[in-house]
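Peer 1: Submitted below is the structure of interest, expressed as structure tokens.
The values are calculated or read from the model by the stated rules, or taken from the named source; none is laboratory data. From a predicted model like this one, the values you see are computed outputs, not experimental measurements. Cβ: placed from backbone, ideal geometry, glycine included. Neighbour counts: every protein chain shown.
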Amino acid sequence: MKILMISRATLFSSPGGDTTQVVETARHLRVLGVEVDIKLSDQRIAYKKYDLLHFFNIDRPNDILLHMRRSKKPFVVSTVFVDYGELERYFRKGFLRLCTKVFSPDQLEYLKVLARAFLNGEKLRSLEYFFRGHRSSVQQVVRKTAMLLPNSKSEYQRLVDSYKESQRYKIIPNAIRKELFGQAPPNYKKEGLLCVGRIESRKNQLNLIRAVKKTKYKLKLVGIPAPNHIEYFNSCKREANEQIEFLGRISEEDLLKEYQAAKVHILASWFETTGLSSLEAAAQGCQLVISRKGDTEEYFQGDAFYCEPDDVNSIAKAIEEAYKEPFNNCLRSRIMKEYTWEITAKMTLEAYQQVLREQE
């Protein structure tokens with residue numbers, strides 16, 4: 001079996017949770033004996049070598065349609081379906097805020113793709129996308145795929161609710177690197193706050209900083225700004241005081257040490273399909289503060305402290321509550337049983353096998 005994974009052109013230049021999902025899924029599939037190549041959506045591809053294509057990020061149909069048509073191969077899609085609607089309404093100002101009221105989320109996404117093509121020189125890879133528009137393009141991908149691979153049931157349902165198209169699916173959960181983050185957490189006293197993630201408006205570090213300033217604790221921020229969020233990063237630095245430390249990008253070994261040292265990990269995001277850093281932090285004995293926006297409750301259930309991303313007092317209160325409580329080891333046990341990349345790879349392979357059996 002030879003599989004080709006195709007994802008966004010910026011997968012490695014601007015890494016995110018989907019980068020980890022692609023790389024770790026491929027790595028563990030290879031352990032299972034599957035031949036896997038990873039290509040970016042703007043690269044030339046010899047499709048004939050592959051039995052099946054695996055796309056990521058269904059909200060980027062411009063990256064999918066061209067390869068889908070050219071290859072004529074069966075394909076599956078890891079949806080990674082994020083809803084930016086509330087975030088857009090909250091952060092946009094002036095003319096851009098007016099646009100969020102005039103245009104639908106799909107129309108806005110279409111305009112952003114065109115803007116990146118004409119202003120930033122990014123290729124409009126599919127003329128079909130240009131003529132279809134964003135919404136119809138997503139619907140076409142859903143109709144034509146052999147199977148959808150969402151990270152959770154709630155993600156799949158959100159996609160169906162948004163696009164009124166259903167399709168066969170198999171839930172493939174996000175996960176942790178067991179060999180790194182699965183080792184037993186330390187038994188020494190853990191202190192302080194930690195937030196791991198790209199610094200961008202969706203991750204909501206600015207409101208987190210404001211909330212931490214209402215507490216007595218210190219916060220370490222791990223991550224670099226997303227390419228289009230430099231001004232947001234600068235706002236975070238201006239808001240920060242001596243309680244806040246920016247660590248930038250650090251090695252995996254140093255990240256493990258930060259998880260092991262921190263008492264509470266916070267991801268007060270406007271939207272998360274999972275929050276990979278929340279899984280990693282919980283595996284290392286951190287209490288979790290997260291928002292309910294997205295699919296987090298399906299993973300963390302009652303083993304986390306929840307906050308509202310637009311309410312600084314809500315974030316501060318959740319931090320205080322989490323800090324006082326001892327760590328509940330039930331969550332860590334569940335992560336080790338259900339959310340490792342070894343498990344994810346086996347489930348992904350089952351999906352591939354089912355699709356390819358039907359092609360015979």
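Peer 1: For residues that are touching an Asp or Glu at 6+ places or on another chain (Cβ under 7 Å) and modelled with pLDDT of 95 or more, scanning just the stretch 262-289, find the one that is surrounded by the most Cβ atoms within 10 Å (Cβ to Cβ).
Peer 2: So, considering only residues that are touching an Asp or Glu at 6+ places or on another chain (Cβ under 7 Å) and modelled with pLDDT of 95 or more, the one surrounded by the most Cβ atoms within 10 Å (Cβ to Cβ) is GLN287.
Peer 1: Residues that are under 20 Å from the mean Cα position of the chain (by Cα), at least 2 per element: which strands (runs of 3 or more DSSP E) completely within the stretch 209-318 meet that?
Peer 2: By residue number, 219-222, 264-267, 287-291, 305-307.
Peer 1: While we're here: Only one of these conditions is not met by THR145: (1) out of contact with any helix residue (DSSP H, G or I) (no Cβ under 6 Å at 6 or more places or on another chain); (2) surrounded by fewer than 23 Cβ atoms within 10 Å (Cβ to Cβ); (3) not assigned by TED's automatic domain parsing to the domain that holds GLU280. Which number is it?
Peer 2: Of everything listed in (1) out of contact with any helix residue (DSSP H, G or I) (no Cβ under 6 Å at 6 or more places or on another chain); (2) surrounded by fewer than 23 Cβ atoms within 10 Å (Cβ to Cβ); (3) not assigned by TED's automatic domain parsing to the domain that holds GLU280, THR145 misses just condition (2).
Peer 1: Does the stretch 52-61 contain any residue that is crowded, with 23+ Cβ neighbours inside 10 Å, assigned to a loop (DSSP other than H, G, I, E, B), touching a residue at least 60 places away in the same chain (Cβ under 8 Å) and within 18 Å of the chain's Cα centre (by Cα)?
Peer 2: Yes, the stretch 52-61 contains a residue that is crowded, with 23+ Cβ neighbours inside 10 Å, assigned to a loop (DSSP other than H, G, I, E, B), touching a residue at least 60 places away in the same chain (Cβ under 8 Å) and within 18 Å of the chain's Cα centre (by Cα).
Peer 1: If you don't mind, another one. Just for the stretch 150-170: of the residues that are of a type outside the set (Phe, Trp, Tyr) and touching a helix residue (DSSP H, G or I) at 6+ places or on another chain (Cβ under 6 Å), which one is farthest from LEU279 (Cα to Cα)?
Peer 2: Per the criteria, the residue is GLU165.
Residues checked against (1) among the charged types (D, E, K, R); (2) surrounded by 15 or more Cβ atoms within 10 Å (Cβ to Cβ):
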position	(1), (2)
VAL312	no, yes
GLU320	yes, yes
GLU325	yes, no
THR348	no, yes
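Peer 1: Looking at the stretch 283-302, I want the residues that are farther than 21 Å from PRO326 by Cα and have a partner that is surrounded by fewer than 24 Cβ atoms within 10 Å (Cβ to Cβ) and of a type in the set (Lys, Arg) with Cβ atoms under 9 Å, at least 6 apart or on another chain. Which pairs are those?
Peer 2: GLY294/ARG158; ASP295/LYS153; ASP295/ARG158; GLU298/LYS153
Peer 1: Right, something else. Any idea how many residues of the stretch 62-72 are over 22 Å from the mean Cα position of the chain (by Cα) and within 12 Å of SER137 (Cα to Cα)?
Peer 2: Of the residues in the stretch 62-72, 2 are over 22 Å from the mean Cα position of the chain (by Cα) and within 12 Å of SER137 (Cα to Cα).
Peer 1: Give me the pairs: first residue in the stretch 2-18 and under 17 Å from HIS28 (Cα atoms) and in contact (Cβ under 8 Å) with a residue 12 or more places away in the chain, second residue in a loop (DSSP other than H, G, I, E, B) and of a type in the set (Asp, Glu), beta-carbon distance under 7 Å, and six or more apart or on different chains, which are they?
Peer 2: LYS2/ASP51; ILE3/ASP51
Peer 1: Can you find a residue in the stretch 252-273 that is over 18 Å from LEU206 (Cβ atoms) and of a type in the set (Phe, Trp, Tyr)?
Peer 2: Checking the stretch 252-273: at least one residue is over 18 Å from LEU206 (Cβ atoms) and of a type in the set (Phe, Trp, Tyr).
Peer 1: Additional query: Looking only at the stretch 152-181, filter to residues that are within 23 Å of THR25 (Cβ to Cβ) and more than 20 Å from the chain's Cα centre (by Cα); which one of those is surrounded by the most Cβ atoms within 10 Å (Cβ to Cβ)?
Peer 2: Result: GLN167.
Peer 1: Need the failing condition index for LEU87 against (1) modelled with pLDDT under 80; (2) out of contact with any Lys or Arg (no Cβ under 6 Å at 6 or more places or on another chain); (3) outside any loop (DSSP other than H, G, I, E, B); (4) closer than 24 Å to THR19 by Cα, just the number.
Peer 2: (2)
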